[in-house]
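Just below is one structure, and these are the notes that go with it.
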Amino acid sequence: MVEFQPGTLLWVNCDDGEWWPAVVRKMDNDLFFVVGEGYDICVEFYHDPGNLYPVDTGNTGVRVLHRAEDERDATEEGFFRVHATQEAVKRLLLDDTHGGGAPAEEELPPYSPEELQCMSALLKSVNHATASQLRKALLAQEGIDLSSRNIRQRMNEKDRRRRKRTAQHVEEVGPLSYDVKVVPEADSNSRPAEAVAVAVAVPLVSDPEWTFQEAFDPAALDIVRKEVFENKERFVLSPLYRYLDLLGAVAVDGVSVETTLPTPRALHEVPDGRLLESRRVVLVALSASSFEHTVGWMAPFEYEGTTIAMTLFVNGAVVKTPCNCSLPSGKEAVAVKTATVADITTHVLHEDLFSLAVGFTGHIEDIALWKGVIAAVYVDLIDMDTLEDRVVSNYKVPPRRKSRDDVVGVQVKITCPITALPLNTPVRGFLCEHMQCMELRSLLMHCARTNVWNCPLCWAPTTPETTLVNYRLKEWLETHQTQLDKVDFIIETPTGVPLRPVWKRKTARNGADVIALE
């Protein structure tokens, strides 16, 4: 059997009885098991470029094609004159890119750092052994290195090139000038750079250099959708939002960018062309490497007397950049945080597309101000009463631990430690070690306002799924409404024994000790 190397020109006798010119292409041996036995090479026909066909070289329907006329026999000369194959033969004769007559294989551009990150994130969805095998196979066969070190190096190289281009632009513009702008919110046709309101003197490098950044393609967007917003193990959005869809996303790499994203009107059926009152479109900030939502937005800071901050524009109108979660020192590791979001619903109601621009009010040489991904998410707003009912219906039992089962005689105040108001629906975290309860609505409002879903007393998780209602105390409060103002606290008792209230002491006041002041 003759072995044909990739690039070899062949005549292949096809089902129509004609001999068609083709070129041998390289193909992974494992793929031959997919197409079936009996094939040993793949060819690309000149009349059907871009598609590969398996061929069995053992039959009589394959022979070498000779470009030089003195190397052809009479039979092959006839192949060159067949009317049905003339167009394919012309392409063959005109193609001299390889000298040997093989059409040049397109040189694919290397994968970008963002594409490598998406591929690496996709491998995390399989077990470690399979992921390791796939990484090695991609490196050996395709030269694709998905190691964290390589991706980090590629990202750093991209940063250096971008900062170099920005520095060259600064040098061409000349010395920095200072300006103070106070511009009201512009209409939807204004440029983002013209709509920003600046309250301090900002060093201007001429006008901001806005770069159009392509939004995530459907494949990359699907990875973000499944790994972040549809992942049951991730607690990204506040429980007051019910996730509906990921509309689009764009990568920001330390420079001002603008892009175009679809609105819910473009992707979903909207009754009468208007969104329901509970529907919202929000912007969520994610990290560039693993799409973490806990990193948040770029916080404003002072540099050489100038405030450097991130600015957001939707259809030319300024959108306030959300503030990140504020945590006490040492609580970062145990904090259960949801994303702080920017609500842009009012700006995207009437069109199928909207423009999103992300800018920075300053520039620092050799420093990437903020690197991440901004995603536009379609959500449904849940009212607080519905969320309360969801927690009350949990009916969860705390972990059976000796320290918990034997807790009796503990004093529990019937006022909420957050608001100092009487309890109505007493709750605590599923893993809270204390018996003191908080009012359910007060706890939910506190967590929703701060985007930190931890117990304010002990920092145990207090998400709706990890919040426990003290049903015994709740029933007691409901049956003793008229006596609550006389109760100081409740003493926990063993199961089956009624809770024991401790009444407030009555203090007698001697009227003779009261001194009248004029």
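General remarks:
- Projecting the Cα positions of Phe313, Thr346, Leu327 onto the charge dipole of segment 211-382 (unit charges on Cβ atoms of Lys, Arg, Asp and Glu, taken about the Cα centre) puts Leu327 furthest along the positive direction.
- Inverting the pair-averaged 1/r between distinct Cα atoms of segment 211-382 gives 16.8 Å as its Kirkwood hydrodynamic radius.
- A viscosity of 0.692 mPa s and a temperature of 37 °C, combined with the Kirkwood radius over Cα pairs in Stokes-Einstein, give a translational diffusion coefficient for segment 297-373 of 220 µm²/s.
- Cα-centre dipole for segment 211-382 with unit charges at Cβ (Lys and Arg positive, Asp and Glu negative), debye to 20: 580 debye
- Ranked by the mean number of other Cβ atoms within 10 Å of their residues, highest first, the peptides 6-17, 111-122 fall in the order 111-122, 6-17.
- Divide the volume of the convex hull around the Cα atoms of segment 8-95 by the residue count and you get 103 Å³ per residue.
- Around the amide H of Val295, modelled in the peptide plane, lie the amide H atoms of Ser287, all under 5 Å away and 5 or more residues distant in sequence or on another chain.
- Residues whose amide H comes within less than 5 Å of that of Arg279, counting only those at least five positions distant or on another chain, are Leu381 (H built at 1.01 Å from N in the peptide plane).
- Taking the C-alpha atoms of segment 386-503, convex hull volume expressed per residue in Å³: 102 Å³
- Highest average first, the peptides 219-227, 326-334, 352-360 ordered by how many other beta carbon atoms sit within 10 Å of their residues are 352-360, 219-227, 326-334.
- Using only Cα coordinates, the Kirkwood hydrodynamic radius of segment 226-269 works out to 13.0 Å.
- Fewest neighbouring Cβ atoms within 10 Å first, the residues His128, His293, His66 line up as His128, His66, His293.
- Under 5 Å between amide hydrogens, built in the peptide plane, is the criterion, and for Asp488 it picks out Val502, Trp503, Lys504 among residues at least 5 positions away or on other chains.
- Cβ-placed point charges (K, R +1; D, E -1), dipole of segment 8-95 about Cα centre in debye, nearest 20: 220 debye
- For peptides 78-87, 453-462, sequence by mean Cβ density within 10 Å, most packed first: 453-462, 78-87
Values quoted throughout were computed directly from the atomic coordinates according to the rules given, and no laboratory measurement underlies them. The structure presented is a predicted model; accordingly, all values stated were derived computationally and were not measured. Note: ideal-geometry Cβ built from the backbone for every residue, glycine included; neighbour counts use all protein chains shown.
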